[in-house]
Amino acid sequence: MIQFLVKRFVGLLFVVIGVTFITFVMGINAPGDPIVQLLGQHYTPQAYAALKHAYGLDLPWWQQYLNYLHNLFTFNFGLSYEYPNRSVWDILSSGVPVSLELGLWALLLQLIIGIPLGILSALRANTWIDTTNMGIMLALYAIPVFVLAVFVQVFILWLDNITGGSSGINWPVAQWGVPWHYGWSDIQFKIAPILVYAATGVAYYARLSRTTMMEVLRQDYVRTARAKGLRERVVIYRHALRNAMIPLVTILGVTIGFLVTGAFFIERIFNIPGIANITLTSIYSRDYPVIQATTVLLAVAVVLGNLISDLLYTAVDPRIKIQ
Amino acid sequence: MDTRKDPQQPVAPGAMFSPSLEPEMLSLDQAAGMPVPAEVTPAQKPSSPLRDSLRRLRRDVRAMVSLGIILFFVLVALIGPPIYQHIGGPYVSNVNGLTLSPADYHNYYHEELDRQDEGPSAQYWLGTDQLGRDILARLMQGVLISLFVALFVEVLDITLGITVGVLAGYYGGLIDQFLARFTDLMFAFPGLLLIILVSGIFGQSADAVFSHVPIIGANGNARLLLVGLILAITAWPLMARYVRGQTLQLKEQQFIEAARTAGTTNLRIILRHIIPNLFSIVVVASTLNISVTIVGESGISLLGLGVQQPGSSIGLMISDATQNIDTYPWEVLVPCIVLAIIVLCFSFLGDGLRDAFDPRSKD
């Protein structure tokens, strides 16, 4: 177990170093001189040299990279190119709780909506319930998240319109409330983005849990359980469901990947001030240190998600030996 | 060919022993171009697998309807714009008093600044956007861009995927190790994030470099080459992994062994015996990947990192129209619905193809 953990953490370290190296190389090869951009009309050769030194950009590239790595491990992402005297962390920190809140809610909804829907379909396989459910899930999975977001926004506007704004459902279609506060004024903002954000993952979980559940229901031990006269409820919940859950744990990493890329669209379309939105703003203003920092943060989130799902996998299935 | 005979086989097993049937089946197999007529006894495989698959596909209503809709969109994107630009009479612009022909005002980047945000009319079949541009013309151009990017990515995806996948599966060794490591890295790192990063940093340089490329580089489409390239880079490991798995299975089969015993070179075995047998898996994987590609391209354009103004892409149309979503929902719904239909059709077709080629995958 310890050996496995050490091995995985070394692997994690390699991915992080790879990602930081790629983003770093992209950053120093990026077109345009950030110092010139930062100085703007105050440009003088002396000021240029001084500022370049202050940002550490006059060092050889490998030294810059080592500095960058060193700073990274002390959670210091450097200084912004766009805003003088603001650190990258200062810019990103306001978005982190918002994105985390959005992501965790979506993750939770995927599990508590997706899995029961899949199980329901498996238990009612090839009936109209199954067909309709799986049809909707396939559509939710295939239709891109930004199209779903637009549909939901138009629906809310239409609902608002036909009720004349007097129904109390006067939902704004873009904005975000206070993070981690759930008064009515906050819920109004949060419910639609969270639902849309979770939709792809819900569909993915539903489709997969239907497949795994149906596979388990065909197993010999389920037939044995039925043959010895156990009640259907016991067969399903005690014998089948537990075993069907095992493969579902491994796709946690995949759905975190969905969430990371989905964040860019959800936060942009619903105008949510999370880190994806901040990254997009930084991309438009070519603020490379911020882009590098978010890329590293998101890549680490994905790799950690994969690691956690591997650990959970061994925790729920004692047959799997860690090597 | 022998569609009627197939269902009869299990019903009347005795027919298998009838002396009249056997030679006929064998000749049919040979005519259908079976890879191994000598190895497979006619009783086991009465007709060509490809023909069986196509028959199953033809029975799949959802997949066939999807295929029809996709063909319709391809047709509209290719021949729609030139036809649309010949429909309608001259129009005297209120902006500068010039007389415009339909070739002008039905062009996807022509701005008619006093005709903004109109609903559908005889002149503008789907209305106009916030700059007075024809939505139908922009939509057809957007679909064309989507399909072009999909084609570009699939050509690279299939070429790279088959080359690396076959080499990794057939020879193993170093190239197999490389493929395994690379796919692990690509699966750990979300592809779209890479595209956002690369296009965000190098997009403007790509605009400058590729804008001189004739035809595809014009009208803000230059960055698509970069976006397409990265979409292909993120797509091919999956294709290579499928191809590798299939190659590993094929390699162990007797007809390959027979070919090797007969002294066939490795190159010839790969080209003549392995690659033709990858057909079904490559078709299914690339069809499913097309919808990923189309979503990727429109998503990147929606974020402002793909097609640039005055070019048109479905994503760019959505991004333009979301600003007026509360007053003109029509403008944002049109590209969204079209994109949803295209993506769903490719998914249904991909699912149908998979079920047709590999019936065991269906539960």
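Every number in this text was worked out from the coordinates using simple rules, so none of it is lab data. Just so we're clear, the structure is a prediction, and the values are computed from it rather than from any experiment. Cβ placement follows ideal geometry from the backbone for every residue including glycine, while neighbour counts extend to all protein chains displayed.
Normalised by 2.2 N^0.38 Å, where N is the number of residues, the C-alpha radius of gyration of the protein assembly as shown stands at 1.08. Just checking the listed ones, A:D90, A:D186, A:D220: in the Gaussian network model of chain A with Cα springs under 10 Å, the one fluctuating most is A:D220. If you wrap the tightest convex hull around every Cα atom of the range B:127-271 and split its volume per residue, you get 166 Å³.
Please give the Cα centre distance for the range A:198-244 versus the range B:110-179, rounded to the nearest Å. A separation of 40 Å, based on Cα centres. Highest mean packing first, where packing is the average number of other Cβ atoms within 10 Å per residue, the peptides A:105-111, A:62-68, B:310-316 line up as B:310-316, A:105-111, A:62-68.
Here the alpha carbons of the range A:188-323 define both size measures, Rg and Dmax, at 20.2, 68 Å.
Think of each Lys and Arg Cβ as +1 and each Asp and Glu Cβ as -1; about the Cα centre, that makes the dipole of chain A roughly 1520 debye. Computed across the range A:100-145, the Kirkwood hydrodynamic radius from all distinct Cα-Cα pairs reaches 11.6 Å. Calculated translational diffusion coefficient of the range B:38-197 (20 °C, 1.002 mPa s; Stokes-Einstein with Kirkwood radius over alpha-carbon pairs) equals 103 µm²/s.
Semi-axes of the equivalent ellipsoid of the range A:43-179 are 49, 24, 14 Å, computed as sqrt(5λ) over the eigenvalues of the C-alpha gyration tensor in descending order.
On the principal axes of its alpha-carbon atoms, the range A:9-58 has extents of 46, 20, 12 Å, going from largest to smallest.
Projecting the Cα positions of B:I337, B:L67, A:S209 onto the charge dipole of the protein assembly as shown (unit charges on Cβ atoms of Lys, Arg, Asp and Glu, taken about the Cα centre) puts A:S209 furthest along the positive direction. Sorted from longest to shortest, the spans of the Cα atoms of the range B:232-363 along the three principal axes equal 73, 34, 16 Å. Rounded if a/c is under 1.5, else prolate if a/b beats b/c, else oblate: with a ≥ b ≥ c from the C-alpha gyration tensor eigenvalues square-rooted, which is chain A? The shape class here is oblate.
Taking the empirical scaling 2.2 N^0.38 Å for compact globular proteins as reference, the range B:308-363 has a Cα radius of gyration ratio of 1.66.
Amide H to amide H distances under 5 Å link A:L79 with A:V88, where only residues 5 or more positions off or on other chains count and H is placed in the peptide plane.
Mark the label point 7 Å from the Cα of B:V74 along Cα→Cβ and return the residues of the range B:136-164 whose backbone N is within less than 12 Å of it. Zone members listed by number: B:147-148, B:151. Taking a ≥ b ≥ c as the square roots of the Cα gyration tensor eigenvalues, with a/c under 1.5 meaning rounded and otherwise prolate when a/b beats b/c, else oblate, which class fits the range A:1-108? Verdict is oblate for the range A:1-108. Note on A:146-156: average number of Cβ atoms from other chains within 10 Å of each residue's Cβ is 6. For the range B:212-303, GluC sites (Glu not before Pro) meeting the loop criterion (DSSP other than H, G, I, E, B) and having at most 12 other Cβ atoms within 10 Å: B:E252.
Across every pair of non-identical alpha carbons in the range B:100-193, the mean reciprocal distance, once inverted, gives a Kirkwood radius of 17.0 Å.
For B:L100, the residues whose amide H sits under 5 Å from its own are B:Y91, B:V92, B:S93, ignoring neighbours fewer than 5 places away on the same chain, with H placed 1.01 Å from N. Put a dot 7 Å past the Cα of A:V10, heading toward its Cβ, do the same for A:V234, and the two dots end up 4.9 nm apart. Phi angles of the range B:122-137 translate, via the Karplus equation with coefficients 6.51, -1.76, 1.60 and θ = phi - 60°, into HN-Hα couplings of 5, 7, 10, 4, 10, x, 10, 9, 5, 10, x, 9, 5, 5, 4, 4 Hz per residue; Gly and Pro are given as x.
Each principal axis of the Cα cloud of the range A:66-116 was evaluated for its coordinate range; sorted largest first, these ranges are 49, 24, 13 Å.
In terms of the mean number of neighbouring beta-carbon atoms within 10 Å, the peptides B:172-178, B:111-117 order highest first as B:111-117, B:172-178.
The calculated 222 nm mean residue ellipticity attributable to helices in the protein assembly as shown amounts to -22000 deg cm²/dmol, summing -39500 (n - 2.57) over DSSP H runs of n ≥ 4 and dividing by all residues. Assign one of three labels to the range A:181-266, namely rounded, prolate or oblate, based on the Cα gyration tensor with a ≥ b ≥ c the square roots of its eigenvalues; rounded applies when a/c is under 1.5, prolate when it is not and a/b is larger than b/c, and oblate otherwise. Prolate shape, in that a/c is at least 1.5 and a/b is the bigger ratio.
If only the Cβ of Lys and Arg carry +1 and only the Cβ of Asp and Glu carry -1, the dipole of the protein assembly as shown around its Cα centre is close to 2540 debye. The simple spin-label model puts a point 7 Å past each Cα toward its Cβ; for B:L229 and A:L312 those points are separated by 3.8 nm. Couplings 3J(HN,Hα) of the range A:229-241, computed from phi: x, 5, 5, 4, 5, 5, 4, 6, 7, 7, 9, 7, 4 Hz, in residue order, whole Hz [Karplus 6.51 cos²θ - 1.76 cosθ + 1.60, θ = phi - 60°; x for Gly and Pro]. Taking every residue in B:192-205 and counting other chain Cβ atoms within 10 Å of its Cβ, the average works out to 6.
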